[in-house]
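What follows is calculated from the coordinates using simple rules that are stated; it is not laboratory data. Nothing here was measured: the structure is a model prediction, and the numbers come from that model. Here Cβ is always computed from backbone atoms with ideal geometry, including for glycine, and neighbour counts include all displayed protein chains.
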Amino acid sequence: MADIRVYASALELANNFSEYFLELAKSYEKENKKLHIALSGGSTPKIWFEILKDRYLNKINWKLIHFYWGDERMVSPDSEESNYGEAYRILLNSSEIPPENIHRIFGENSVDDEIERYSDYIFNKLNKNNNPPSFDLVILGMGEDGHTASIFPYEMNLFNSVRLCEASIHPLTGQKRVTLTGQVINNAKNVAFLITGENKSEKLDCIINKKEGYKLYPAAHIKPVAGNLVYFLDAAAAKLL
Ligand code: 6PG
């Protein structure tokens, strides 16, 4: 049975996810282990970044937290479209967070070069016993079309790629993206979906209740091989569950 946690609002979701993250960070700190986290883009995580900045900077040992991205838009980090850029401007520019712990995707590179570079980078940083890289926590959103990370329904083949990262193209804007592939996401120890908004409710119902056609959506294929999966939802997104 999926671990589904529903909150009245996106803010309440973010407040509770902050406590979830704090507990995870503390458990890693007890063992003096690094916590490698892959962030997502989108609007929901930004609420969480603001909360961490406001209330958690002195509660977490940031020296052990290493930030990566599950997907990135191929734009300059200065762009407001940049997932790294937004996280940096809201949270990661804090003096408590060591710059060497930030492992961004270079949106300013050519997408073909960057998927190679980032694949090698995460393999070397996270590789254990030659298995696919295993993040300690992958944060994901879901688009109203059922995409997650930057794997879109029309490019489902990318989910099952043998590569660690792939290049994708946003179906509406044509924007080039780098995304982790399914094998990396599903090899994570913990995966947290942060999903808000009534416009996600239909797809979420279809995916959670395995209704007709659910397998068409990349978000339906997030099934950690051995890790934990938690859905953090606001009431609007969960209204049909
Ligand atoms: C991105 C995200 C994307 C996002 C979803 C949900 O780079 O756009 O990684 O997968 O998580 O589109 O976005 P919201 O949180 O804004 O609903």
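The table below lists the values:
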quantity: Placed amide H near Asn190: partners under 5 Å, 5+ positions off or other chain; calculated: Leu137, Val138, Asn228
quantity: Local electrostatic count, Ala219, Cβ distance below 14 Å [Lys/Arg +1, Asp/Glu -1]; calculated: 0
quantity: GNM flexibility winner over the chain from Asn83, Asn187, Asn32 (Cα, springs under 10 Å); calculated: Asn32
quantity: Whole-Hz ³J(HN,Hα) from phi, Karplus 6.51 cos²θ - 1.76 cosθ + 1.60, for region 82-94, glycine and proline x; calculated: 6, 4, 4, x, 5, 5, 5, 5, 8, 10, 6, 7, 5
quantity: Amide H within-cut-off set for Ile65, under 5 Å, with H built and near neighbours excluded; calculated: Leu35
quantity: Potential lengthening between Asn93 and Asp78 on full extension [0.36 nm per residue; Cα-Cα distance subtracted]; calculated: 4.1 nm
quantity: Cβ-defined net charge surrounding Asp205, 13 Å radius [Lys, Arg +1; Asp, Glu -1]; calculated: +1
quantity: Percent breakdown of C-alpha pair distances by 5 Å bin, ordered from the shortest bin, for region 1-126; calculated: 2, 10, 18, 22, 20, 15, 9, 3, 0
quantity: Note, ³J(HN,Hα) from phi for region 23-35, Karplus 6.51, -1.76, 1.60, rounded to Hz, x at Gly and Pro; calculated: 4, 4, 4, 5, 5, 6, 5, 4, 9, 6, 9, 5, 10
quantity: Summed residue charge, Cβ within 13 Å of Pro98's Cβ, Lys/Arg positive, Asp/Glu negative; calculated: 0
quantity: Label point 7 Å beyond Cα of Thr173 along Cβ direction - residues of region 27-59 with amide nitrogen under 13 Å; calculated: 41-43
quantity: Ratio Rg/Rh [Cα only; Rh per Kirkwood] for region 91-131; calculated: 1.07
quantity: Within straight-line cross-link reach of Lys239, lysines at Cα separation under 26 Å, skipping those fewer than 8 residues along the same chain; calculated: Lys46, Lys200, Lys203, Lys210, Lys211, Lys215, Lys223
quantity: For the chain, diffusion coefficient by Stokes-Einstein and Kirkwood Rh (Cα), 10 °C, 1.306 mPa s, µm²/s; calculated: 89 µm²/s
quantity: Vicinal HN-Hα couplings computed from phi for region 154-161 (Karplus, 6.51 cos²θ - 1.76 cosθ + 1.60; Hz; Gly/Pro x); calculated: 6, 10, 4, 4, 5, 4, 9, 4
quantity: Extension gain from Leu22 to Asp54, taking 0.36 nm per residue of separation minus the Cα-Cα distance; calculated: 10.1 nm
